[in-house]
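Once you've had a glance at the structure underneath, I'll fire off some questions.
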Amino acid sequence: MNKVTVTFNDGKQKSFDQGVTLLEIVKETYPGTYPQILAAVVDNQAMDLSTTIERDVTLRFLTSNDPEGLQIFWHSASHIMAQAVKVFYPEALLGIGPAISNGFYYDFSLEESLNENDFSKIEAKIKEIVNENQPFVRRVLSKDKALALFKERKERFKLELIQDIPDEEVSVYENGNFVDLCRGPHVPSTGYIKHFKLLSVAGAYWRGDERNPVMQRIYGVAFPEEKALEEHLRRLEEAKKRDHRRLARELDLFSFHPEGPGFPFWHPNGMVIYNAITEYVGAVLAKHGYQEIKTPIILNVELWHRSGHWDNYKENMYFTTIDNDSYAIKPMNCPGGLLVYKSRPHSYRDLPLKLSEMGLVHRHEKSGVLHGLFRVRQFTQDDAHVFCTTEQMEDEIIKLINLINEIYHTFGYEHFQIELSTRPAKSIGTDEMWEKAEEALIHALERKGVSYQTNPREGAFYGPKIDYHIQDSLGRMWQCGTIQVDFSMPERFNLEYIGSDGEKHRPVMIHRAILGSVERFIGILIEHVGGAFPLWLAPTQCIILPISEKHHKYAEEVFKIIAEEGIRVVVDDRSEKVGYKIREAEAKKIPYMCIVGDKEKNNQTVSVRKRKEGDIGEIYLKKFIEKIQDEIKRRVIY
Ligand SMILES: [Zn+2]
Ligand SMILES: [Zn+2]
């Protein structure tokens with residue numbers, strides 16, 4: 001019998017009979033009790049454990065501790081949930097059932113409306129299916145066969161999906177009497193998915209398009225261990241309390257209106273945070289040698305043809321007409337930056353040239369996916385383009401990695417994940433350009449010694465990229481920063497610089513954003529801190545609470561002195577009890593309260609209460625101002 005060599009991700013190699021299944025490899029690798037392995041990554045592609053190995057491969061096992069493993073686990077759970085729903089509602093038509101960042105959902109088209117009271121019977125049925133430990137069986141069918149199969153089952157949404165698949169063959173997964181169109185992979189059997197919880201049901205347009213029918217989307221989550229499920233549910237409860245849309249109402253930060261769906265309206269309190277963040281980022285960039293520009297929001301269509309956005313990004317763009325000519329509202333700032341570069345000749349001495357722009361962009365999102373500040377149609381990108389020579393490229397990427405670290409730490413994000421995305425199917429530029437660009441990113445990451453995950457074929461259409469995912473205080477990951485290397489745009493726009501040899505050369509362009517969307521970054525930050533902003537960002541930094549009416553005059557004096565120092569301070573001189581005022585200031589999450597009465601007036605002091613810490617005692621007014629100024633300057637996190 002022929003042998004195949006399997007190289008494991010720890011570098012160890014082992015030989016097996018050709019045609020061995022991944023499950024057999026698992027059993028041989030972990031004799032006796034083995035960790036719950038759900039699937040495996042074979043040569044960079046996730047596969048079912050029933051897959052047979054016919055040639056030499058590299059192999060990495062996936063458990064629910066791997067993000068990819070957990071996605072497979074959750075997606076498998078979505079099949080089981082759909083199967084259980086179909087038991088009670090055989091007439092329910094299946095939409096899609098993907099894993100999402102914190103669980104899974106399945107969409108159903110059903111006349112009867114489902115609600116949370118239906119969950120317990122569905123969960124009980126799920127338990128039965130899990131106990132039966134039905135194997136998930138993958139079958140590959142011709143498109144015609146698949147169409148016939150789902151036609152017989154009257155699943156018209158599945159027919160629509162099959163018709164849109166460009167391949168000749170499609171795969172389906174069967175367990176028990178349930179069958180679903182699915183790329184896979186899946187866990188080996190239903191018994192793997194022990195602890196289930198259905199969470200909510202909501203309306204969602206089929207394929208996110210408001211012209212399509214509304215489906216009923218059931219959200220759920222599952223874990224192999226009960227403890228993990230409990231911890232997850234506890235975090236969900238906490239996340240609900242911290243929902244940035246809810247906190248925005250309570251703290252009066254921003255709002256949305258039907259007159260502009262997906263376009264945020266910033267209120268005065270929100271603007272304070274917004275400006276404090278952009279001013280801070282601007283100051284850091286200036287220190288790092290950036291120069292700020294501002295380019296127009298509306299630019300003619302010809303430019304977007306030249307940049308490739310027309311061919312690759314048109315569906316997400318808005319258009320308008322001026323004097324009978326077609327214009328587009330910019331979805332990205334790059335072409336504007338390119339025109340600024342081209343506005344004068346450059347020498348190698350100008351490079352690297354770092355042009356930053358807080359650029360207002362508009363991108364079309366389907367109305368069904370809009371979500372507070374997380375998914376909007378208008379936002380400001382903290383964008384920059386670094387124009388440099390090929391030789392400078394790697395060092396510039398390293399500088400960007402350092403810069404991103406510096407800024408994230410200021411906001412208290414200590415943990416982040418880095419992902420490298422390579423050339424997508426829809427892209428511009430030559431193979432050689434892509435190779436060079438991907439290599440530069442990989443070298444820079446390796447020189448910095450940071451670990452990263454690779455996402456094949458998920459780069460931008462003009463170049464590969466590194467994405468940053470920050471972890472918030474609830475353990476959730478959010479994609480924010482990005483570094484993208486681009487050889488194509490300089491080519492398309494014919495960018496040049498004169499080298500030390502006196503000849504014309506082509507610069508490289510590095511696109512980068514650190515916060516990503518300022519709006520979304522603020523949304524994430526609101527939930528990260530639960531609305532309790534650090535002093536430097538707090539809309540009101542200090543509130544003065546006179547004990548009674550006769551202390552109003554002293555409160556006013558204190559207010560003037562503090563306000564003169566540029567500190568955001570207010571006085572609460574309503575005739576309420578001071579205890580009531582303290583509770584209200586706490587609800588507004590104001591970092592410092594200064595209580596003033598006879599004693600404070602005589603001593604020229606304030607009695608200070610600090611958010612979370614409570615009473616910190618009587619302090620000379622001058623000392624108090626120094627203390628908070630120092631805290632603001634150092635951007636202390638608490
Ligand atoms: Zn599936
Ligand atoms: Zn760009």
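Residues that are over 25 Å from the mean Cα position of the chain (by Cα) and not in a loop (DSSP other than H, G, I, E, B): does region 516-539 have at least one?
no
Limited to region 286-336, what total is found for residues that are under 20 Å from Val376 (Cα atoms) and among the small types (Gly, Ala, Ser)?
Going through region 286-336 one residue at a time, the tally reaches 1.
Which residue pairs have Cβ atoms closer than 6 Å, lie 6 or more positions apart in sequence or on different chains, and pair a first residue in region 472-490 that is more than 17 Å from Asn405 (Cβ to Cβ) with a second residue that is of a type in the set (Val, Ile, Thr) and in a loop (DSSP other than H, G, I, E, B)?
What qualifies is Ser488/Ile428.
Can I ask one more? Name the strands (runs of 3 or more DSSP E) wholly within region 14-132 that hold at least 3 residues that are within 30 Å of Tyr205 (Cα to Cα) and aromatic (Phe, Trp, Tyr)?
Strands (runs of 3 or more DSSP E) meeting the threshold: 103-109.
If you don't mind, there's one more thing I want to ask. For Cys480, all conditions in the list (1) away from ligand 2 (no atom under 16 Å from the Cβ); (2) assigned to a strand (DSSP E or B); (3) closer than 30 Å to Gly531 by Cβ hold save one; what is the number of the exception?
(1)
Follow-up. Can you tell which of Ala148, Ala92, Ala124, Ala77 is within 16 Å of ligand 1 (Cβ to nearest atom), of a type in the set (Gly, Ala, Ser) and on the phi < 0 side of the Ramachandran plot?
Going through Ala148, Ala92, Ala124, Ala77 in turn, the sole match is Ala77.
Can you name every residue in region 550-587 that is in contact with a Ser or Thr (Cβ under 9 Å, 6 or more places away or on another chain) and within 21 Å of Gln629 (Cα to Cα)?
Within region 550-587, Arg568, Val569, Val570, Ala585 qualify.
A follow-up question, please. Could you look through region 480-499, keep only residues that are among the hydroxyl-bearing types (Ser, Thr, Tyr) and at pLDDT 95 or above, and pick out the one that is nearest to ligand 1 (Cβ to nearest atom)?
Applying the filter and picking the extreme gives Thr482.
If I filter region 191-223 down to residues being under 23 Å from Asn131 (Cβ atoms) and out of contact with any strand residue (DSSP E or B) (no Cβ under 6 Å at 6 or more places or on another chain), which single residue comes out as surrounded by the most Cβ atoms within 10 Å (Cβ to Cβ)?
Tyr192
Still on this model: Under the condition of being modelled with pLDDT under 95 and touching a helix residue (DSSP H, G or I) at 6+ places or on another chain (Cβ under 7 Å), which residue from region 210-222 is farthest from ligand 1 (Cβ to nearest atom)?
Top of the filtered list is Glu210.
While we're here: Taking into account only those residues within region 64-91 that are over 17 Å from Arg138 (Cα atoms), in contact with a helix residue (DSSP H, G or I) (Cβ under 7 Å, 6 or more places away or on another chain) and not aliphatic (A, V, I, L, M), which is modelled with the highest pLDDT?
It comes out as Phe88.
Checking His75 against (1) crowded, with 21+ Cβ neighbours inside 10 Å; (2) farther than 28 Å from Gln471 by Cα: exactly one of these is not met. Which one?
Here His75 clears every test but (2).
Could you tell me whether Arg363 is under 26 Å from the mean Cα position of the chain (by Cα), in contact (Cβ under 8 Å) with a residue 24 or more places away in the chain and either under 16 Å from Asp486 (Cβ atoms) or within 15 Å of ligand 2 (Cβ to nearest atom) (or both)?
yes
Among the candidates Asp48, Asp43, single out the residue that is closer than 25 Å to Pro224 by Cβ, in contact with a Leu (Cβ under 9 Å, 6 or more places away or on another chain) and not polar (S, T, N, Q).
Only one candidate qualifies: Asp48.
Still on this structure, please answer the following. Looking at region 1-13, which of its residues are in contact (Cβ under 8 Å) with a residue 12 or more places away in the chain and in a strand (DSSP E or B)?
Matches in region 1-13: Lys3, Val4, Thr5, Val6, Thr7, Phe8.
Now for a different question. Being within 14 Å of ligand 2 (Cβ to nearest atom), touching a residue at least 24 places away in the same chain (Cβ under 8 Å) and either closer than 21 Å to Thr390 by Cβ or buried (at least 22 other Cβ atoms within 10 Å of the Cβ) (or both) is the requirement here; does Gly463 meet it?
Answer is yes for this residue.
Mind checking which pairs have a first residue in region 571-583 that is touching a residue at least 12 places away in the same chain (Cβ under 8 Å) and a second that is surrounded by 12 or more Cβ atoms within 10 Å (Cβ to Cβ) and in a loop (DSSP other than H, G, I, E, B), Cβ under 7 Å, 6 or more apart or different chains?
If the second residue must be surrounded by 12 or more Cβ atoms within 10 Å (Cβ to Cβ) and in a loop (DSSP other than H, G, I, E, B), the pairs left are Val578/Ile547; Lys581/Asp572.
Just one of (1) away from ligand 2 (no atom under 16 Å from the Cβ); (2) over 25 Å from Arg60 (Cα atoms); (3) out of contact with any Ser or Thr (no Cβ under 9 Å at 6 or more places or on another chain) trips up Ile397, so point out which.
(1)
The values are calculated or read from the model by the stated rules, or taken from the named source; none is laboratory data. Only a predicted model underlies this, so the values are computations on that prediction, with no experimental measurement involved. Cβ: placed from backbone, ideal geometry, glycine included. Neighbour counts: every protein chain shown.
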